[in-house]
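S.K.: Pasting a structure here, questions to come.
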Amino acid sequence: MNYLKIALAKGALFEETLGLLDEVGMDVSELKIDSRKLRLVVDKDKIEYILARPFDVPTFIEYGAADLGIVGKDVLMETKKKVFELLDLNYGKCCFVLAALRKEKNKVEESYRYLGQIRVATKYTNVAEDYFTEKGIQTEIIKLHGSVELAPVVGLAEEIIDLSSTGKTLADNNLVVLDEIARCSARLIANHVSYKIKFKEINGFLDKLKRTKRELR
Amino acid sequence: MGANNSYPSVPRGLRDIMPIEAEERRQIEKKLRRVFESWGYREIITPTFELFENLASEAGKMMEDEMFKFFDRDGVLLALRPEMTTPIARAVSQRIENSCFSRLYYSASVFREEPPQRGQQREFQQIGLELIGGRSPAADAEVLAVLLESLQAVGLKDFQVGVGQIDFLQGFLETTGISSELIKEIQLLLVKKDLVGLERTIEDNSLSPEDKSKILEIISLRGRKDILEEAKKYTTNAKSCEALKNLSDLYEFLKLFDLEKFVIFDFGIIQNFDYYTGVIFEVYAPNMGFLLGSGGRYDLLLSEFGDNRPACGFALGLERLHICLNEQGALKKENCKKILVYSDVDIKKALMTAKTLRDMDFCVETVLEPSTLDACGSLVKEGRFKWVINADEAPEQIEIFDIEKNLKKISSLSVIEGELI
C-alpha cells in the first residue's frame, strides 16, 4: 500500500481544512463523522490521513511518518522542524503580536531603560526568543500554556507575545499591539524525502490545491 | 538481564551498539570498503577533534553552531569534527604535494549538537569518499558511479539518487539583474525549502513576471535525460549552459557504467551555495524521511587551506543505510559457522579441542567450567552457534550436535573437518 500520508492538525484549522479537501474533490465524509479516530484510510483517493495535535504535525512530517501535512505557520515557527513549506493555503489567518497594557505602554519602555530587561509572557517561547534576539532586546521569557493575556493584568509580565486574529481578546483585556511580528496562515508542508520519492503524487495534489486557490481569489 | 539502573547511562544522543548490530554494521561497511578500494580509493584517518578554526572555515560555517567545542589546557579552542570533508581537505592541502589525483575514503564517527533525527544522533558514523583533483564531468561521474555501485553492493533495492547542478539556477539568477543580496536571500529560502517565503520574496521585488515564474518552474524541473532539453528553454546564459553540458556529459559517462538508469536529474536540489560549486546529489529511500546520503562538487574548499585543487565526494549515513537495508529485508544473515566446545570431565580437553578447531580456521568458544549440554542451553539459545561439541572423550571421540538440524554425530578430532560443513 503506497498511499499518500497526510497529517492534519486537529484544532482551529480542522474544519476549514476539511472544507478545502472537500472542495478539491477528496472524500472527507469519514473524517467529518468520527472525530476520535487517529488514522483513516480512504482507498478511493489513495490517501491515509493521520490526525494529530497541531504541535505534533511538523514532527510527523520531519520524520517522514507522514508525507504531507496541513498546519499553521505559527506552529511551524515555534517548532522549527526541518520541513518543506510548499504552499500558503490562505485560511486560518492570524498574527503574532507583541502587546502590553494600554495604560502602561510607556512604563514598559521606561522600565527597560531602568532595569535593562522586560518580562514577556508567551506560549511561543521560540518565536519570542527569535524576535527579541533579532531586535537585540534583553528579556526574561515566561512560558505559559494559555490565557497569556492575563499575565500583564496580574503583574506577571510587562509584555506578551501571542496570536491574535480579530484583536478582540487583546482589547477585552485592555492590551494594545506594540508590534506585528509575523502573519500566519495554514500551510501545506512536506517531508523532504517524500517530496522527491512521491514527486508525482505530491505535485498532483499541490496542483489541485493551487487551482482551487485561484478560483477562490 | 544484567540491567543495573543505579549507574548513570550515556549522555543524551549517544548509544551503545551491541554485538548483533555491530556485526551487521561491519558487514555493510566491509562491502562498501571493497567497492571504494576497487576504484583505487585509500582510507584516510584524521583526528577526532581539531582546531575549531579549521573546522569552521568559510565552507564549514553552517556547522559552527552544531559543533561540540571545548578548550584544552593551553586554552586552544577545539571541536569534534561534525563531518569529514573539511578535515580531509585540510589534511590533503597540508600533507599531499600536488599529485594529480588523490582518491581517499573514510569511515568514521562525526559529532553534531543537533536535535536527534532518525539514524542520526549526536554521534553517528559516516562513510564516504573524496576525489581530489580533476574538474571534468568524468570525475563527477566517477564519484556518482562509486556511490551507485556501493548502494547496489550492499543490496539496497529501493532507492533514488537525485542529481542537480547548482550553477544552473545560479546562472539564471545572475542574468535577471537583481542585486546580489536578493540572490543570497533567494538561495537561503531555497536551502530552507521555504517555497511560501520564496514566492513572497520574489513577488515583492523588481523581477519581471516572466522571471518570477521561471524561478519557480526551474526548481521543480525534475526527470530523466529529457529534462535537460527542457531546461535549455529557460535560459541561454553561459553559466547555465555550461551546467547543462556538465550534466549531459555526466549522463554519457554513467551510461558507460550502465548506471544511468538510477539517476534522476533535479534542479530543485539546492544545498548550501557557499559550499557546493557544481554537480550535487542526494540519496533517498522510501520510509526514511531523511537523506541517506549526499554529495557533490566543492571546488573552493581546498583553497581555504592554500591548495587550489578541485574536489568532489559523497557521504553516506551508515546507520540510516543499515535501517533501510533492514527494512527492505536486504540484510542476509551471514552463514553462522561458530562452534561451542564443552567438557563435563576435563576442561583441558575442551580447550585442546577448541585450539585444534581454531587451527582449522573455525571460530570457537569454550565453556570454561565443567559443563553438560543442558547447562550450555542458554548460550545455545542465543542462536550464535551452528555446532556444539562435547569433548569428554577427545581426541579419539567427539560428539557433535548440529543445532539447526537437531542432529547428533560421533567423530574424532583427526577427521572432524569433514563433518563440520
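The values are calculated or read from the model by the stated rules, or taken from the named source; none is laboratory data. For clarity, every value in this text was computed on a predicted model and none was experimentally measured. With ideal geometry, Cβ positions are generated from the backbone for all residues, glycine too; neighbour counts draw on all protein chains shown. Ligands, DNA and RNA are stripped out before the accessible areas are found, and what is left, the full protein with its side chains, is counted by its heavy atoms. Shrake-Rupley method; radii C 1.70, N 1.55, O 1.52, S 1.80 Å.
For every residue, the table says whether it meets (1) farther than 20 Å from B:F52 by Cβ; (2) small (G, A, S); (3) open to solvent by less than 30 Å² (accessible area, probe 1.4 Å).
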site	(1), (2), (3)
B:V76	no, no, no
B:P82	no, no, yes
B:P87	no, no, yes
B:E97	yes, no, no
B:F101	yes, no, no
B:P116	yes, no, no
B:S136	yes, yes, no
B:A141	yes, yes, yes
B:A153	yes, yes, no
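S.K.: Here is a follow-up. B:E282 versus (1) touching a residue at least 60 places away in the same chain (Cβ under 8 Å); (2) away from chain A (no Cβ under 14 Å); (3) among the acidic types (D, E): which is the lone unmet condition?
M.R.: Of (1) touching a residue at least 60 places away in the same chain (Cβ under 8 Å); (2) away from chain A (no Cβ under 14 Å); (3) among the acidic types (D, E), only one is false for B:E282: (2).
S.K.: Among the residues of the stretch A:166-217, write down those that are part of a helix (DSSP H, G or I), within 12 Å of another protein chain (Cβ to nearest Cβ), crowded, with 21+ Cβ neighbours inside 10 Å and among the hydrophobic types (A, V, I, L, M, F, W, C).
M.R.: Scanning the stretch A:166-217 gives A:V193, A:I197, A:I202.
S.K.: Sticking with this one: Looking for something aromatic (F, W, Y), without any contact (Cβ under 8 Å) to a residue 60 or more places away in the chain and within 24 Å of B:C324 (Cα to Cα) - is there at least one such residue anywhere in the stretch A:3-13? Please lay out each step first, then the result.
M.R.: Of the stretch A:3-13, the ones aromatic (F, W, Y) are A:3.
Subsequent filtering for residues that are without any contact (Cβ under 8 Å) to a residue 60 or more places away in the chain retains A:3.
So of that shortlist, the ones also within 24 Å of B:C324 (Cα to Cα) come out as A:3.
Yes; the residues of the stretch A:3-13 include at least one that is aromatic (F, W, Y), without any contact (Cβ under 8 Å) to a residue 60 or more places away in the chain and within 24 Å of B:C324 (Cα to Cα).
S.K.: Could you check the stretch A:109-124 and list, in sequence order, the residues that are in contact (Cβ under 8 Å) with a residue 24 or more places away in the chain and either out of contact with any helix residue (DSSP H, G or I) (no Cβ under 9 Å at 6 or more places or on another chain) or open to solvent by 20 Å² or more (accessible area, probe 1.4 Å) (or both)?
M.R.: A:S111, A:Y112, A:R119, A:K123, listed by residue number.
S.K.: For B:K245, indicate whether it is surrounded by fewer than 19 Cβ atoms within 10 Å (Cβ to Cβ) and either aromatic (F, W, Y) or farther than 30 Å from B:R118 by Cβ (or both).
M.R.: Here the answer is yes, as B:K245 does meet what is asked.
S.K.: Does B:G377 qualify as being part of a loop (DSSP other than H, G, I, E, B) and either of a type in the set (V, I, T) or out of contact with any Gly (no Cβ under 8 Å at 6 or more places or on another chain) (or both)?
M.R.: Considered against the rule, which asks whether it is part of a loop (DSSP other than H, G, I, E, B) and either of a type in the set (V, I, T) or out of contact with any Gly (no Cβ under 8 Å at 6 or more places or on another chain) (or both), B:G377 comes out as no.
S.K.: Select, from B:K349, B:K355, the only residue that is loosely packed, with under 14 Cβ neighbours inside 10 Å and not in a loop (DSSP other than H, G, I, E, B).
M.R.: Checking each option against the conditions leaves just B:K355.
S.K.: Same structure again: Without any contact (Cβ under 8 Å) to a residue 40 or more places away in the chain and more than 14 Å from chain A (Cβ to nearest Cβ) - does that describe any residue in the stretch B:156-174?
M.R.: Looking for residues that are without any contact (Cβ under 8 Å) to a residue 40 or more places away in the chain and more than 14 Å from chain A (Cβ to nearest Cβ), one finds none in the stretch B:156-174, hence no.
S.K.: Name the single residue that is nearest to B:V279 (Cα to Cα) among those in the stretch B:217-237 being in a helix (DSSP H, G or I) and in contact with a helix residue (DSSP H, G or I) (Cβ under 7 Å, 6 or more places away or on another chain).
M.R.: Pass one, the stretch B:217-237, residues in a helix (DSSP H, G or I): B:217-218, B:226-232.
Filter again for in contact with a helix residue (DSSP H, G or I) (Cβ under 7 Å, 6 or more places away or on another chain), leaving B:218, B:228, B:231-232.
Details: B:I218: 16, B:L228: 14, B:A231: 15, B:K232: 17 Å.
Among those residues, the one meeting the criterion is B:L228.
S.K.: Sort through A:F132, A:F84, A:F96 and tell me the only one that's buried (at least 17 other Cβ atoms within 10 Å of the Cβ), in contact (Cβ under 8 Å) with a residue 12 or more places away in the chain and within 30 Å of A:D207 (Cβ to Cβ).
M.R.: A:F84
S.K.: Which of the following residues is within 14 Å of chain A (Cβ to nearest Cβ), closer than 21 Å to B:I270 by Cα and touching a residue at least 12 places away in the same chain (Cβ under 8 Å): B:E203, B:E199? Give the steps one after another, and end with the answer.
M.R.: Working: B:E203 fails: touching a residue at least 12 places away in the same chain (Cβ under 8 Å).
One residue alone meets the criteria, B:E199.
S.K.: Right, another one. Does B:E252 count as among the charged types (D, E, K, R), more than 14 Å from every other protein chain (Cβ to nearest Cβ), open to solvent by 10 Å² or more (accessible area, probe 1.4 Å) and under 28 Å from B:E53 (Cβ atoms)? Break it down into steps so the answer makes sense when it comes.
M.R.: Numbers: among the charged types (D, E, K, R): yes; more than 14 Å from every other protein chain (Cβ to nearest Cβ): yes; open to solvent by 10 Å² or more (accessible area, probe 1.4 Å): yes; under 28 Å from B:E53 (Cβ atoms): no.
Considered against the rule, which asks whether it is among the charged types (D, E, K, R), more than 14 Å from every other protein chain (Cβ to nearest Cβ), open to solvent by 10 Å² or more (accessible area, probe 1.4 Å) and under 28 Å from B:E53 (Cβ atoms), B:E252 comes out as no.
S.K.: OK, next. Output the residues belonging to the stretch A:50-89 that are away from chain B (no Cβ under 13 Å), of a type outside the set (F, W, Y), closer than 16 Å to A:K123 by Cβ and in contact with a helix residue (DSSP H, G or I) (Cβ under 8 Å, 6 or more places away or on another chain).
M.R.: Of everything in the stretch A:50-89, those that are away from chain B (no Cβ under 13 Å), of a type outside the set (F, W, Y), closer than 16 Å to A:K123 by Cβ and in contact with a helix residue (DSSP H, G or I) (Cβ under 8 Å, 6 or more places away or on another chain) turn out to be A:P54, A:D74, A:V75, A:E78.
S.K.: Among the residues of the stretch B:281-318, write down those that are open to solvent by less than 20 Å² (accessible area, probe 1.4 Å), over 16 Å from the mean Cα position of the chain (by Cα) and not small (G, A, S).
M.R.: B:R297, B:Y298, B:L301, B:L302, B:D307, B:R309, B:P310
Results for (1) under 27 Å from B:K261 (Cα atoms); (2) hydrophobic (A, V, I, L, M, F, W, C), shown as yes or no for each residue.
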{"position": "B:D194", "(1), (2)": "no, no"}
{"position": "B:E199", "(1), (2)": "no, no"}
{"position": "B:L207", "(1), (2)": "no, yes"}
{"position": "B:E210", "(1), (2)": "no, no"}
{"position": "B:L221", "(1), (2)": "yes, yes"}
{"position": "B:L228", "(1), (2)": "yes, yes"}
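S.K.: Another question, if that's okay. Please enumerate the residues belonging to the stretch B:35-87 that are within 19 Å of B:P310 (Cβ to Cβ), free of Cβ contacts under 8 Å to residues at least 60 places away in the same chain and aliphatic (A, V, I, L, M).
M.R.: Within the stretch B:35-87, no residue meets the criteria.
S.K.: Report yes if A:V127 is closer than 30 Å to B:Q271 by Cβ, away from every other protein chain (no Cβ under 14 Å) and not in a strand (DSSP E or B), otherwise no.
M.R.: Considered against the rule, which asks whether it is closer than 30 Å to B:Q271 by Cβ, away from every other protein chain (no Cβ under 14 Å) and not in a strand (DSSP E or B), A:V127 comes out as yes.
S.K.: Report the residue count in the stretch B:222-237 for those that are more than 22 Å from A:K82 (Cβ to Cβ) and within 11 Å of chain A (Cβ to nearest Cβ).
M.R.: Step one: filter the stretch B:222-237 for residues more than 22 Å from A:K82 (Cβ to Cβ), giving B:223-237.
If we keep only those that are within 11 Å of chain A (Cβ to nearest Cβ) as well, we get B:223.
Matching residues across the stretch B:222-237 total 1.
S.K.: Let me ask something additional. Taking A:L163 and the conditions (1) farther than 27 Å from A:I70 by Cβ; (2) open to solvent by 30 Å² or more (accessible area, probe 1.4 Å); (3) outside any helix (DSSP H, G or I), which numbered condition does it fall short on, given that it satisfies the others?
M.R.: A:L163 satisfies every listed condition except (1).
S.K.: Another question, if that's okay. Would you mind telling me which numbered condition in (1) in a loop (DSSP other than H, G, I, E, B); (2) of a type in the set (D, E, K, R); (3) open to solvent by 90 Å² or more (accessible area, probe 1.4 Å) B:D344 fails?
M.R.: (3)
Per-residue answers, yes or no, for (1) within 26 Å of A:H192 (Cα to Cα); (2) out of contact with any Lys or Arg (no Cβ under 9 Å at 6 or more places or on another chain); (3) β-branched (V, I, T):
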position: B:A79; (1), (2), (3): no, no, no
position: B:T85; (1), (2), (3): yes, yes, yes
position: B:A91; (1), (2), (3): no, yes, no
position: B:A108; (1), (2), (3): yes, no, no
position: B:Q120; (1), (2), (3): yes, no, no
position: B:A145; (1), (2), (3): yes, yes, no
position: B:V154; (1), (2), (3): yes, no, yes
position: B:K157; (1), (2), (3): yes, yes, no
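S.K.: Given the residues B:I389, B:I410, which is the only one that is surrounded by fewer than 15 Cβ atoms within 10 Å (Cβ to Cβ), out of contact with any His (no Cβ under 8 Å at 6 or more places or on another chain) and modelled with pLDDT of 85 or more?
M.R.: B:I410
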